[in-house]
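The structure appears right after this line, and notes come after that.
What follows is calculated from the coordinates using simple rules that are stated; it is not laboratory data. Bear in mind the structure is a predicted one, so any value in this text is a computation, not a measurement. Cβ coordinates were reconstructed from backbone atoms using ideal geometry, including for glycine residues, and neighbour counts include every protein chain displayed.
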């Protein structure tokens, strides 16, 4: 959170200071220059920070405590950073002496002026090539998006060289896994596990033999193993006993007393069967095989387990519904799959919600329904990022999906910087539509370039993190915002000039 607020807060400072320096170069005294900078930048910054806050706030709609707290605190903090920027910066600069000419020379850098002049030239005279380039990039990005795989691992973001990961891989190799995996068998009848001459116990044994076929699982345990241990004590054979012997062994299990150690027996039985002898379970450990393979694994094993417990092989038919045993598969690995799918689904919904809310905000602000199209411009940068993820095999998971929600809110800032300054040039400075475009590119374009670089390197610093989720958030967000600010500075004025009749009503 502190790093994010610094990265988001610095662009506010850049916009105010750049405008302040611009007014000083125009010949205004310090007090007047500060007043004009606040009037001009304050409006843009307010709505820009609102859109950024919306990008964070939609995360609080997800039924997840961590994301809820993060979304609420981040959105409130973003608006507080805006207040600090708009109040403290003018206050501090009003006490300081006016900057010298050398402090204002950054606005005269040749490469910067040349870049902005080139952008103004291309958006005015070569719009066709810009649209062709955008369409090509969108197609390439969309194709890459189709190649994205939604996959997550329980220890996905932990570095592979970390000692914990080495321990996990060691146990996966030696004993088959570390993640709890359980099959719950509910007979729906008291003492149902031992009913019908122990039919369920024999089928538990068959189910364990089935689980042994899967290399993803370690050796399983159930009440059937306790039965086999007792049979070894009685008959010297570690195997399922005959029906006559099973009746005696079952009585021992139910009376909590073999070898004179009642507490040991009781604890052993409790691990695999409930006190009413209605529900039994098979426990094992599972490898961290990822959410995609877990889904395939469940789709295959669930019907096979059902056929063991609910299919009458003598009659060659399924048991009646009222007699069927309920088979449930659970454990940390399965809960992770459910949680991962839940977060992915809700994060996608939060992105859509952010787009809709920001589109409505632009509609209210400019009172032009075609401004809804402008709200979709940052989506191009999201599409490019999604394409990069697809081409480079970066999976879709909660830590990477978070990028899109945060990036969209921040990326819309560039739109609002440009549109509010553009409308100000038309209404207050009485510039023509085309002149206002060129003036806005040259004036606000400088701040947008600085902001894009600050955001790129600011979020890019997260690459030094050892935690995969933080690294993915930083790298992908940095790239997305760099593309977004480029799109805002080049594509937005191109669209405004090309479809002048559609947008003119909301801007003039």
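For the range 378-445 and the range 462-483, what is the separation of their Cα centres, given in Å? Measuring centre to centre over Cα atoms gives 19 Å. Using the Cβ-Cβ distance between residue 434 and residue 376 with R0 = 25 Å, the FRET efficiency computed as 1/(1 + (r/R0)^6) comes to roughly 0.55. Normalised by the number of residues in the range 163-330, the mean separation of alpha-carbon contacts (under 8 Å, six or more apart) gives a relative contact order of 37 percent. The protection proxy used here, the mean number of other Cβ atoms lying within 10 Å of each residue, ranks peptides 61-72, 468-479 as follows, highest first: 468-479, 61-72. Convex hull volume of the C-alpha atoms in the range 405-508, normalised per residue: 82 Å³. In the chain, the DSSP-assigned H stretches of four residues or longer account for a calculated mean residue ellipticity at 222 nm of -24000 deg cm²/dmol, using -39500 (n - 2.57) per stretch and the full residue count as denominator. As a calculated quantity, the FRET efficiency between residue 345 and residue 299 at R0 = 25 Å, using C-beta atoms, amounts to about 0.85.
When you count the other C-beta atoms within 10 angstrom of each residue and take the mean per peptide, 211-221, 403-413 line up highest first as 403-413, 211-221. With 5 Å bins beginning at zero, the pair-distance distribution over Cα atoms of the range 1-108 amounts to 2, 12, 21, 19, 15, 11, 8, 6, 4, 2, 1 %.
How far is helix 110-125 tilted, in degrees, relative to the longest principal axis of the Cα atoms in the chain, given as a value from 0 to 90 rounded to the nearest 10? Here the helix axis deviates by roughly 90 degrees.
Calculate how steeply helix 223-235 sits against the longest principal axis of the alpha-carbon atoms of the chain, using the helix alpha-carbon long axis, and give the answer as 0 to 90 degrees to the nearest 10. Computed tilt is about 30 degrees. Rounded to the nearest 5, the antiparallel percentage of DSSP beta bridges internal to the chain is 95%. Axis of helix 2-25 versus longest Cα principal axis of the chain: the two differ by about 10°, to the nearest ten degrees.
Extending 7 Å from the Cα toward the beta-carbon at both residue 237 and residue 149 defines two label points whose distance is 4.7 nm.
Rounded if a/c is under 1.5, else prolate if a/b beats b/c, else oblate: with a ≥ b ≥ c from the C-alpha gyration tensor eigenvalues square-rooted, which is the range 163-330?
It is oblate, given that a/c is not under 1.5 and a/b is not larger than b/c.
Computed on the chain, with alpha-carbon pairs under 8 angstrom and 6+ residues apart, the relative contact order is 24 percent.
Mean separation of Cα pairs under 8 Å and 6 or more residues apart, divided by the residue count, gives the range 330-439 a relative contact order of 28 percent.
Projected onto their three principal axes, the Cα atoms of the chain cover extents of 105, 48, 36 Å, largest first.
Highest average first, the peptides 153-161, 129-137, 8-16 ordered by how many other beta carbon atoms sit within 10 Å of their residues are 8-16, 153-161, 129-137.
The range 1-33 and the range 47-64 have Cα centres lying 24 Å from one another.
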